[in-house]
Amino acid sequence: TGGVETQGLKPARHDEESDGVAPGEHAADGQAVLAVVAAWGIFFFCSLLVYKLLSDGDFSFLLTYAAVCRCFAFVILNIKMYTSNSASSVSLKTLEAYVCVFFLRLISIMRHEGYLPYDSSGDWFYHFVESASLCGVCVSIYLLYFRFRGTYDESQDCFGNLHIPSFLGVLYVVVPCFLLSCLFHPNLNKDWLSDVSWTFSMYLESCAILPQLYMFQRQSSGVVEVLVSHSVFALGFARVVEMAFWMSSFHELTSHSGSKLVGYVVLIAQFAHVALMGDFFYFYFVSLQKGTPLHIPTSAGIV
């Protein structure tokens, strides 16, 4: 009987070793999952509270909700870096692009009201959240570039490393988006600088995640840290929410000549953003279903 019991124990030990799981690692993963679930729970509760207190029930609250999602994304990214003392799996180029996104959007909404939510959240709360997001991404850059520079995977963050220095790689998304915004921009504010700034931020946000997705695919392990994956998902979810609003309102985006083509261009840019994240969304939900860290195969073809 003793021999049967011993044989029954050995396969379990073999499975654990073959999985490469260190003692207590499953427990740590479980605690990380619980922490993430709690964070999302608090986020949704605060979202409902903001909707109740600041929204008039107008459909345009989706713009505010999308802004809150983006802010939440950088909150959990900073929590990740603070708690782990590491900036691994984080793309500096994506952070740089988002600095431009928030700064350009604030240039527009601080001076004019054409692109603000119609409800009371557009009076001040939307401005506050976008400003908080800009501060959040600046904190992320500070943590990555100064406090945890030694853990930054610079060799993997190589998007745009073609004929220009590596640190300028983000220009491969910034310059085309700027040119496109100069050619196709709405005229809600009736001010060239304000209208182009808003449109530039919209187009750039659609591409800003590219360096991060490229970095995920370049990682040899293919495993994305839990909080980083949730941060990226929150950014993608924000775009889905915002796109839901513009799908019913894009016809209001007309050029100074009255052409509605710019509305379609803005909508296509948002569809492109969601499409770029399609594979990421798939692997993200697979990881949630299995209760494991997100794993992206090198052959996934995300970018």
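The values are calculated or read from the model by the stated rules, or taken from the named source; none is laboratory data. On a predicted model such as this, the values are computed, not experimentally measured, just so you know. Because the Cβ atoms are built from the backbone with ideal geometry, glycine has one as well, and the counts that use them run over all protein chains shown. Calculation scope for accessible area: heavy atoms of the full protein, side chains included, ligands and nucleic acids excluded. Shrake-Rupley method; radii C 1.70, N 1.55, O 1.52, S 1.80 Å.
Carbon and sulfur atoms: what percent of the 1.4 Å accessible area of the chain do they account for?
For the chain, the apolar C and S fraction of the accessible surface comes to 66 percent.
Pulled fully out, how much extra length does the chain show between Glu252 and Val286, if you take 0.36 nm times their separation in residues and subtract their Cα-Cα distance?
Working: separation 34, 0.36 × 34 = 12.24 nm, distance 3.77 nm.
Stretched out fully, the Glu252 to Val286 stretch lengthens by 8.5 nm.
Between Phe271 and Phe103, what is the FRET efficiency for a Förster distance of 22 Å, r being their Cβ-Cβ separation, to the nearest 0.05? Intermediate results must be reported in sequence, preceding the final value.
Working: r = 25 Å, r/R0 = 1.12.
Calculated value: 0.35.
Tell me which label goes with the value of log10 I(q)/I(0) by the Debye sum over Cα atoms at q = 0.07 Å⁻¹ computed from the coordinates here: [x] -0.27; [y] -0.31; [z] -0.47.
[y]
Compute the label zone of Val223 within the stretch 81-124: residues whose backbone N is under 18 Å from the point 7 Å along Cα-to-Cβ.
81, 84-90
Got a sec to turn the phi values of the stretch 209-218 into Karplus ³J(HN,Hα) couplings, 6.51 cos²θ - 1.76 cosθ + 1.60 with θ = phi - 60°, whole Hz, x for Gly and Pro?
7, 4, x, 5, 5, 5, 5, 4, 6, 7
How much length would be gained if the chain were fully extended between Asn161 and Leu193, taking 0.36 nm per residue of separation minus their Cα-Cα distance, in nm to one decimal?
Length gained, Asn161 through Leu193: 8.5 nm.
Which of the lysines could a cross-linker span from Lys93 if the Cα-Cα distance has to be under 25 Å and same-chain partners fewer than 8 positions apart are dropped?
Of all the lysines, those that pass the test against Lys93 - Cα under 25 Å, at least 8 places apart if same chain - are Lys80.
Read phi for every residue in the stretch 102-108 and hand back ³J(HN,Hα) as whole Hz from Karplus 6.51 cos²θ - 1.76 cosθ + 1.60, θ = phi - 60°, with x for Gly and Pro.
Using θ = phi - 60°, the values come out as 5, 5, 5, 5, 5, 4, 6 Hz.
Assuming R0 = 22 Å, what is the FRET efficiency of Ser84 and Ala38, from their Cβ-Cβ distance, to the nearest 0.05?
0.80
Expressed in nm to one decimal, what extension gain is obtained for the pair Glu154 and Leu180 from 0.36 nm per residue of sequence separation less their Cα-Cα distance? List each step's numbers first, then the result.
Numbers: separation 26, 0.36 × 26 = 9.36 nm, distance 2.93 nm.
Between Glu154 and Leu180, full extension yields 6.4 nm more.
Determine the dipole magnitude for the chain: charges of +1 sit on the beta-carbon of Lys and Arg, -1 on that of Asp and Glu, nothing else is charged, the reference point is the Cα centre, and the result goes in debye to the nearest 20. List each step's numbers first, then the result.
Details: 15 positive and 24 negative charges, 73 e Å.
For this selection, approximately 340 debye.
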